[in-house]
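**Student:** Below is the structure I would like to discuss, written out as structure tokens.
The values are calculated or read from the model by the stated rules, or taken from the named source; none is laboratory data. Fair warning: this is a prediction, and the values are worked out from it, not measured in the lab. FYI the Cβ positions are ideal-geometry reconstructions off the backbone, even for glycines, and counts take in every protein chain you see. The area values use the complete protein model at the heavy-atom level, side chains included, leaving out ligands, DNA and RNA. Shrake-Rupley method; radii C 1.70, N 1.55, O 1.52, S 1.80 Å.
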Amino acid sequence: KELSGVLMMTGLFGGLMGMPLYSAMTYALMAAFGPDDDDDKDVLALMGGDPRVAYDPDIAFRSWMNEKFGDIKIGDMSLADILVSGPVSAATNTELSSATSLDLKNLWFRDAVVGDNLEDTLLATAVANIAGFSMVSQMLRGYESFKEGKIEDGLKKTLPAFFRTWVNAAVNEEQGVKNRRGDVLIDKKDIGAADNIRDVLGFRAPKLSRIQQYYITRAKNESAINAERKAILDRYETAVNNGEIKTAADYEKFKKEEIVPFNRTYPAREFFITDKVVRDSIKRRGQIRARTVEGVQFDKKTTSGEYAAQRRFVQ
């Protein structure tokens, strides 16, 4: 009885996103109805052809819900918003799911942006999930903002939560809502009194929440795709250097096993691995090794003084 009451209240404030097994449900739906070797394009079409977000279970599920139920209105609210975010969130135009969610994954684990290697990824994951690391990281980012002259941004990162919300509301009213790079997410002319009150209380509008999540997820997945792409080119170079790929037939076999599946899954111009990309990668890596003397890389911009300094030190 108590569990039913808790789940009902969570559903009112957080909708499906607040349910304990929300992430498990989206992953299961993605596995059941998501892409296989033949229908990757179906999922890509749902997300407008962007592979950075097409395979994210949460975004794909919410996009599907909006496509199926977004046009059904109950008052001024769409049925999709009511189901996904909860009636209270939809009625108040306030994103409450993150504050009231019982989703086990989001309660205990936060995804981190993929690094250049496993060590960087592990460190980023630790910073995102361990309270002490996360606080230190936030303080360091605030210190960097102060050094760059971004006083408001530094205050938002270093002040306690109660004061941070007031600063955030004042900055948003004056400058609009921006991301870390300074790109405008919501123009200041679109921010009203209700938005200011929401900011002071530490909540966000659903639109802002969706924009920020999409931006973060896109950046995270782009890093993961680029890391996978680099790993394929690294494996090809290693295979060539080890003599495992000597003939055109060897390359075609590698291409079929490694490159073709990648290109089919991520068919975007900036990710696509063509034969030219493979040749240029091998050529560029060979040029770098040719310009490397005892571990130090020299290029056209390197002065003779730098090389002379190395010679004096190592000889």
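**Student:** Ordering THR94, THR238 by accessible area with a probe of 1.4 Å, largest first, what comes out?
**Tutor:** The most accessible residue leads, giving THR238, THR94.
**Student:** Within the range 13-27, find all residues whose amide N lies under 19 Å from a label point positioned 7 Å from the Cα of LEU201 along Cα-to-beta-carbon.
**Tutor:** Answer for this model: 13-15, 18.
**Student:** Report, ordered by chain and residue number, the lysines lying within cross-link reach of LYS207, taken as a straight Cα distance under 28 Å and ignoring same-chain residues fewer than 8 apart.
**Tutor:** Counting by Cα, and skipping residues close in sequence, LYS207 has these lysines nearby: LYS41, LYS68, LYS73, LYS105, LYS150, LYS156, LYS157, LYS178, LYS188, LYS189, LYS220.
**Student:** With a 1.4 Å probe and every protein chain left in place, tell me how much accessible area LEU83 has, in Å² to the nearest 10.
**Tutor:** Its heavy atoms expose roughly 70 Å² to the probe.
**Student:** Any idea of VAL260's accessible area? Nearest 10 Å², probe 1.4 Å.
**Tutor:** 60 Å²
**Student:** Enter the mean projected area of the convex hull around the alpha-carbon atoms of the range 212-266, in nm², rounded to one decimal.
**Tutor:** Mean shadow area of the hull around the Cα atoms is 3.9 nm².
**Student:** Something else about it: Around LYS178, which amide H atoms from residues at least 5 apart in sequence, or from another chain, sit under 5 Å from its own amide H, with H modelled in the peptide plane?
**Tutor:** Distant-sequence amide H within range of LYS178: LEU185.
**Student:** Still on this model: Ordering MET9, MET17 from largest to smallest accessible area (1.4 angstrom probe), what's the sequence?
**Tutor:** Descending accessible area places them as MET9, MET17.
**Student:** Oh, and also: ILE130 accessible area, nearest 10 Å², 1.4 Å probe?
**Tutor:** About 80 Å², ignoring ligands and nucleic acids.
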